[in-house]
Amino acid sequence: MIEVFIFATLNGLVTGLLLFMLASGLTLIFSMMGVLNFAHASFYMLGAYFAYSISLQFGYWTGLIFAPLIVGVLGAVIERYGLRKVHQSGHVAELVFTFGLAFLIEEAVQFFWGPDTKGYQTPELLNFPLFTLFGQEFSAYRGFMIAISISIFMGLYYVLTRSRIGIIIQAAITHPNTVANLGHNVPMIFMCVFGVGTALAGLAGVIAGPVLTTFPGMAAVLGSIVFVIVVIGGLGSLAGAFIASLLIGLLQSYAIASDLGMPDLLNLLGVEFERSHPLHDLWTITLPQIAPVLPFLLLVLVLIFRPTGLMGKREQ
């Protein structure tokens, strides 16, 4: 039992920190620009595909460096020549633009790389067990994923709260004219922020591609969860996104590792349904079966009892 709990916790941390790596870029973009980018998970997918193509020629580590940069530059170009013009028409136009962009990127991925799953592999340097506990191995690559995610959180938190760059960025949100009068290029700031946010999504794709497989539907798998994390943590809150990512990762991992279900609860209450009863199938549901639904259930509860999210201040 103890080994199940330990490995469920480790797997939950890996999943949660991977989700944070993806959600951090979306949180950064929203907190700085007020834009909910529906195409954010598509940049995550692009990161995985660019890294896969680069790794075929130059190896995994070259893809790790250059794929996020390519995605970041692409994101900056889209902000400069697309989103910036749409921004003048309000948030609805932004949502429609990014929603359409997500479909466009997915079709482009299938056009250039095909609809099949790619054999994007973990690097040989990290292809060994980091440690063995209770006869089960924890791979070095998963430890690498944890280290990268924590480093991103610490780096972003420092830049946004302790550095001069962070002060300028945050001032550009609330007082853009004042920042412009001080000699700073506000549109350039927003373009760079959007580029960094999409680059973080691309980095998440590079890291996750070998573990979660690289295929055209990978954006859809995590796309909705990312928005759940951002809302639960509080729109624009980096610390909130970090906590919400870990919470969802651990919640799903514990549910999958558990063998509990409604039958155990019914037995505890002394209730039993006949097989012919209409509710028999409903009351045989187990926790692993409903694990994918738990983040959305948590979202509903948070919106009911704390509409601004765990650490958010902005009304949603």
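Here are the numbers for the structure shown:
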read-out: Among V226, N185, M145 the positive-end extreme of the charge dipole of the range 93-248 (Cβ point charges); value: N185
read-out: Other-chain or far-sequence residues with amide H under 5 Å of S139's (modelled H); value: L130
read-out: Karplus-derived HN-Hα couplings along the range 64-80 (A = 6.51, B = -1.76, C = 1.60, θ = phi - 60°), whole Hz, x at Gly and Pro; value: 4, 7, 8, 4, x, 5, 4, 5, x, 5, 4, x, 5, 5, 5, 5, 5
read-out: Among S224, S245, S253, residue whose mean-square fluctuation peaks in a GNM of the chain (springs only between Cα atoms under 10 Å); value: S224
read-out: Protection-proxy order for peptides 84-93, 210-219, 2-11, each taking the mean of Cβ atoms within 10 Å per residue, highest first; value: 210-219, 2-11, 84-93
read-out: Extension gain, L303 back to R80 (0.36 nm per residue minus Cα-Cα distance, nm); value: 76.9 nm
read-out: Computed helical MRE - 222 nm, the chain, DSSP H runs ≥ 4 contributing -39500 (n - 2.57), nearest 500; value: -23500 deg cm²/dmol
read-out: Length gained when the stretch S224-F111 is fully extended (0.36 nm per residue, less Cα-Cα span); value: 38.3 nm
read-out: Net length gained if the chain between L69 and S89 were fully extended (0.36 nm per residue, minus Cα distance); value: 4.3 nm
read-out: The range 207-242-the range 46-69 distance, computed between alpha-carbon centres (Å); value: 20 Å
read-out: With Cα atoms, 0 to 90° folded angle of helix 238-257 axis to the chain main axis; value: 30 degrees
read-out: GNM result for the chain, Cα springs below 10 Å: residue of V228, V293, V14 fluctuating most strongly; value: V293
read-out: Label-point separation in nm, D259 to L126, each point 7 Å along Cα→Cβ; value: 3.3 nm
read-out: Listed residues F242, F194, F99, most fluctuating in the chain (Gaussian network, C-alpha, under 10 Å); value: F99
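Readers should treat all values here as calculations from the given coordinates under stated rules, not as data from a laboratory. Computed from a prediction, not measured in an experiment: that's the story for all the values here. Because the Cβ atoms are built from the backbone with ideal geometry, glycine has one as well, and the counts that use them run over all protein chains shown.
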